[in-house]
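Student: Could you have a look at this structure, given as structure tokens, before my questions?
The values are calculated or read from the model by the stated rules, or taken from the named source; none is laboratory data. Predicted, not measured: the structure shown is a model, and the values here were computed from it. Please note: Cβ atoms are built from the backbone with ideal geometry, for glycine as well, and neighbour counts cover all protein chains shown.
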Amino acid sequence: MGILADAVLNNGGRAIGVLPQFLMEKEVGHPGLTELHIVESMHQRKQLMNDLCDGIIMLPGGFGTLEEFFEMLTWLQLGLHSKPIAILNINGFYDLLLQQMDVMVEQQYLKTANRKLVITSGDPIELITLMENFNVQPDDVWFRDRNLT
């Protein structure tokens, strides 16, 4: 995240950080951000990041990246926000994850409409274009109707 923030700042952009207090105490915070919001918990972090953003893009990462992505995706599916959510699939990093989502549809654990909520591209310019044209259409009857076909 620091490398991305530095690139944004070095090119005249604004970089906003949201960090829980316990990570700030470990000196994880970026000192040169345009804004840095300190919150009490990881949940508050995700809520504030969602409140501040126009869309969500997942870059290659680890468990925390996946956790935050899937929480935002679940919020979209539940209608708690209507922002585009995307995966920048650099060099096929997320190919297996995307295949697993397709398996979830095939095995009727996920509706096709909700699978289509995930915008994906390996090209950042194309990804932004797809996000700009995003029209949210989650299938919110999953909790009433277990017919997943």
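Student: Could you please tell me which pairs satisfy a Cβ distance under 7 Å, a separation of 6+ or placement on different chains, a first residue in region 108-126 that is surrounded by 18 or more Cβ atoms within 10 Å (Cβ to Cβ), and a second residue that is among the charged types (D, E, K, R)?
Tutor: Filtered contacts from region 108-126: Lys111/Asp139; Asn114/Asp139.
Student: With Leu33, Leu76, Leu48 as the choices, which residue is aliphatic (A, V, I, L, M) and in the same structural domain as Lys116 (by TED's automatic domain parsing)?
Tutor: Leu76
Student: Okay, next question. Give the number of residues within region 37-58 that are outside any helix (DSSP H, G or I) and touching a residue at least 24 places away in the same chain (Cβ under 8 Å).
Tutor: Matching residues across region 37-58 total 6.
Student: Failed condition for Leu23, given (1) aliphatic (A, V, I, L, M); (2) surrounded by fewer than 13 Cβ atoms within 10 Å (Cβ to Cβ); (3) not assigned by TED's automatic domain parsing to the domain that holds Asp139, with all others met?
Tutor: For Leu23, the exception is condition (2).
Student: Mind listing whichever residues of region 75-95 are surrounded by 15 or more Cβ atoms within 10 Å (Cβ to Cβ) and β-branched (Val, Ile, Thr)?
Tutor: Passing the criteria: Ile85, Ile87.
Student: Just checking, does region 2-19 include any residue being in a helix (DSSP H, G or I), in contact with a strand residue (DSSP E or B) (Cβ under 8 Å, 6 or more places away or on another chain), hydrophobic (A, V, I, L, M, F, W, C) and under 19 Å from Ile87 (Cα atoms)?
Tutor: So far as region 2-19 goes, yes, one or more of its residues are in a helix (DSSP H, G or I), in contact with a strand residue (DSSP E or B) (Cβ under 8 Å, 6 or more places away or on another chain), hydrophobic (A, V, I, L, M, F, W, C) and under 19 Å from Ile87 (Cα atoms).
Student: Based on this model, can you work out whether Leu76 counts as over 15 Å from Met1 (Cα atoms) and in contact (Cβ under 8 Å) with a residue 60 or more places away in the chain?
Tutor: So Leu76 passes the test.
Student: Quick check on my filter: what residues within region 42-58 are farther than 17 Å from Ala15 by Cα and either at pLDDT 95 or above or surrounded by 13 or more Cβ atoms within 10 Å (Cβ to Cβ) (or both)?
Tutor: Across region 42-58, the qualifying residues are Met42, Gln44, Gln47.
Student: Which of (1) touching a helix residue (DSSP H, G or I) at 6+ places or on another chain (Cβ under 7 Å); (2) more than 30 Å from Gln137 (Cβ to Cβ) does Met101 not meet, given it meets every other one?
Tutor: For Met101, the failing item is (2).
Student: Here's another thing I want to ask about it. Out of all the residues in region 119-138, is one or more at pLDDT below 95, more than 30 Å from Arg14 (Cα to Cα) and not assigned by TED's automatic domain parsing to the domain that holds Val18?
Tutor: yes
Student: Please indicate, with yes or no, whether at least one residue in region 75-85 is modelled with pLDDT of 95 or more and assigned to a helix (DSSP H, G or I).
Tutor: no
Student: Is region 59-74 home to any residue that is in a strand (DSSP E or B) and surrounded by 15 or more Cβ atoms within 10 Å (Cβ to Cβ)?
Tutor: no
Student: What's the total number of residues in region 20-32 that are modelled with pLDDT under 90 and either within 18 Å of Gly64 (Cα to Cα) or not in a helix (DSSP H, G or I) (or both)?
Tutor: So the count comes out to 9.
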